[in-house]
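Comments concern the structure below.
What follows is calculated from the coordinates using simple rules that are stated; it is not laboratory data. None of these values were measured; they are calculated from a predicted model. For neighbour counting, all protein chains shown are included, and Cβ atoms are generated from backbone atoms with ideal geometry for every residue, glycine included.
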Amino acid sequence: MELYELTIHELQDKLRTGETSSAEITASVFGRIDAVEKDIHAYITLMRETALAEATRADEAIRKGEIGALTGIPIALKDICCTKDVRTTCGSRILHNFIPPYDATVVEKLRAAGAVLTGKTNMDEFAMGSSTESSFFGATRNPWDLTRIPGGSSGGSSAAVAAGECIASLGSDTGGSIRQPAALCGVVGLKPTYGRVSRFGLIAFASSLDQIGPFTKDVEDCAILMNVIAGYDPRESTSVPEDVPDYRQFLRRGIEGWTVGIPKEYFIDGIDPEVEAAVRETIRVVEKAGAKCIEVSLPHTEYCLAVYYIVAPAEACSNLARYDGVKYGFRSEEGRDLMEMYKKSRAAGFGAEVKRRIMIGTYALSSGYYDAYYKKASQVRALIKRDFDEAFAKCDVILTPTTPTPAFRIGEKTGDPMQMYLSDIFTISTNLAGIPGISVPCGFTAAGLPIGVQFLAGHFQEGRLIQFASAYEKEAHLEKRRPRCHGI
Amino acid sequence: MENIKISQNEVNHVAHLARLEFGEQEKEKFTSQLNDILRYMDKLSEVDTAGVEPMTHAIAQKNAFRMDEVVGSLPPELALANAPESRGGCFQVPKVIE
């Protein structure tokens, strides 16, 4: 096996014994990037020179015995996390030349842990999308089938892990943007509890929904990354001062006697039959591992999409008001006065989906409509959260499909916004309620496309998710496959 | 209630509030797509929300303050470094007042 194919924990074993070095691992990853990136297009900006320098420093640290949680491991970052002196675009023309003067908190944490940063990955513009097709810099392709999307909005981060173009990566999730691409690319993706990971330096889409989280090849790597990025940040006012456990302690503990809730509203017509079959198989697998599955109800599930598509655009239109051509980013030269400059800069700088959501949000918050839309949606949101509170009184985790279908073809859903929005139906409720969720691979379609299963737990129960997911992973014995991307 | 949720006039008004502008064809397509989306939102009127407190944050935090002490902040040169145009330590923009 090539070094770029291994997990963080496997590479750490080899680094500790001296069998390999960070320089070798980083060279292996960049060799893989050189082979497949022209077909996958997972990255917007590569950080090759700084990565090689970081790898050299990591090897010195390892020689001295100063081994941090991620020393020498190549990690990629969704281009929504500010990286000091490295272009950060958010997938948008309006930030195409933005060079942040500071690192996001998660970036500081990765650096302090000794990680080697490989580059900034592709994404739907301003994280608004489920396919990565709306990126100003062009689409990313699914490593398992280059005619298909990798999911979104964190499509680049997900595809990069699946294709071996990094060992692990960070993405962000507002309505499913980690979990959905993780499922479609056959990797593990976790959205933490709201407030678990600092949003300082995360370019904001919807402030009450956004969370940063890891993409990894297995659940153990997920625990390793969560140990690094989770934690209270006094610079971020929604960061929760909750202790961070060692998430690795939850691996290999088993789930004997656990109760698993299967929400009846999530098994609807319109789920691809192969996805449904794979998820029903996971129910069988967790029962074999000693868990008991019961039916639960989340009665307001059918309203989640409508709530999300009022709340998220409303918050987004406020967050995106700062992109006005004044302080940074794209400015139109055609404005004769300030108002024209604002309008022309924003009209030319933003893509269609972003404009659509700004318009919806502005409308929903405008005078005369606020009560009917935003207030109503916020009330239904409280009921959605209550559904989960009541369900978790009866079960330890909830199990659902991650997505209704496997990866669809590039261009298939771009004509109809509502069709695209429907790919998030199983993930959206999680962000509205603020609870954590993880997607793990659970099989493949007959055509060889990955399928993901999603586990949900209560606030700050990431440990429980890791325990459940690792027990499932062990019991499932899924066949290890490699995506057939062009190149080696 | 008629099927049209938002007219082209309202689209113009909202665009102005959002500091956006659209070409005619773009505006027609947007108006139609916005109508589809807003019609879908009507589903929410099915839900009885009498007496339900609106929830804007999943985890309620109060008063995330820090001590009133001077700590470092972004120096002016860095704050201006990405400016399309700047002058005299300020962001420069087209004329605001006639």
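Under a 5 Å amide H cut-off, with hydrogens placed 1.01 Å from N, A:L117 pairs with A:I75 among residues at least 5 apart or on other chains.
Of B:G88, B:G23, B:G72, the residue with the greatest mean-square motion in the GNM of chain B, using alpha carbon springs below 10 Å, is B:G88. Legend: mean number of C-beta atoms from other chains within 10 angstrom of residue C-beta atoms, peptide B:41-54, equals 6. Note that region B:1-45 carries a Kirkwood radius of 11.1 Å, evaluated over its alpha carbons pair by pair. For region B:22-71, GluC sites (Glu not before Pro) meeting the loop criterion (DSSP other than H, G, I, E, B) and having at most 16 other Cβ atoms within 10 Å: B:E69.
Mean separation of Cα pairs under 8 Å and 6 or more residues apart, divided by the residue count, gives chain A a relative contact order of 18 percent. In summary, the aspartates and glutamates within cross-link reach of B:K5, defined as a Cα separation below 15 angstrom excluding same-chain residues under 8 places away, comprise B:E28, B:D36, B:D42.
Computed from Cα positions, the angle between helix B:8-17 and the longest principal axis of chain B comes to roughly 20 degrees. Taking one quarter of the surface of the convex hull spanned by the alpha-carbon atoms of region A:302-378 gives a direction-averaged projected area of 5.7 nm².
The DSSP beta bridges internal to the protein assembly as shown are antiparallel in roughly 65% of cases. Here the contact order of chain B, divided by its residue count and restricted to Cα pairs under 8 Å and six or more residues apart, works out to 18 percent. Among the chymotrypsin sites (Phe, Trp or Tyr not before Pro) in region B:1-90, those placed in a DSSP loop whose Cβ has at most 12 other Cβ atoms within 10 Å are B:F65. Compute the helix-to-body angle for B:24-41: its Cα long axis versus the longest principal axis of chain B, expressed 0 to 90° and rounded to tens. With rounding to tens, the tilt is 70 degrees.
Within region A:136-192, the ratio Rg/Rh, alpha carbon atoms throughout and Rh by Kirkwood, equals 0.93. Under the rule a/c < 1.5 gives rounded, and otherwise a/b versus b/c splits prolate from oblate, where does region A:3-252 land using the Cα gyration tensor? Cα axes put region A:3-252 in the rounded bin.
Packing, as the average of other Cβ atoms within 10 Å across residues, places the peptides A:359-367, B:73-81, B:54-62, A:295-303 in the order A:359-367, A:295-303, B:54-62, B:73-81, highest first. Note on B:5-15: average number of Cβ atoms from other chains within 10 Å of each residue's Cβ is 3. Between amide H atoms placed 1.01 Å from N, distances below 5 Å from B:S86 occur with B:Q92, all of them 5 or more places distant or on a separate chain. Among the GluC sites (Glu not before Pro) in region A:63-157, those located in a DSSP loop and surrounded by at most 15 other Cβ atoms within 10 Å of their own Cβ are A:E66. Where in region B:53-87 does the amide nitrogen come within less than 17 Å of the point 7 Å from the Cα of A:E333, taken along Cα to Cβ? Inside the label zone: B:84-86. Dividing the convex hull volume of the alpha carbon atoms of the protein assembly as shown by its residue count gives 164 Å³ per residue. Note on chain A: helix-only mean residue ellipticity at 222 nm, from DSSP H runs of 4+ residues weighted -39500 (n - 2.57) and normalised by residue number, equals -11500 deg cm²/dmol. Taken one residue at a time, the phi angles of region A:408-423 give Karplus couplings (6.51, -1.76, 1.60, θ = phi - 60°) of 8, 7, 4, x, 5, 10, 6, x, 10, x, 4, 4, 5, 4, 5, 5 Hz. Gly and Pro are set to x. Other protein chain C-beta atoms within 10 Å of residue C-beta, averaged over A:379-390: 4.
Here, chain B is characterised by an Rg to Rh ratio of 1.15, where Rg is the alpha-carbon radius of gyration and Rh the Kirkwood radius.
Here region A:4-157 carries DSSP beta bridges of which approximately 50% are antiparallel, counting only pairs with both residues inside.
For region A:466-478, the Karplus equation 6.51 cos²θ - 1.76 cosθ + 1.60, evaluated at θ = phi - 60°, returns couplings of 5, 4, 5, 5, 6, 5, 4, 4, 5, 6, 6, 6, 5 Hz by residue, with Gly and Pro reported as x.
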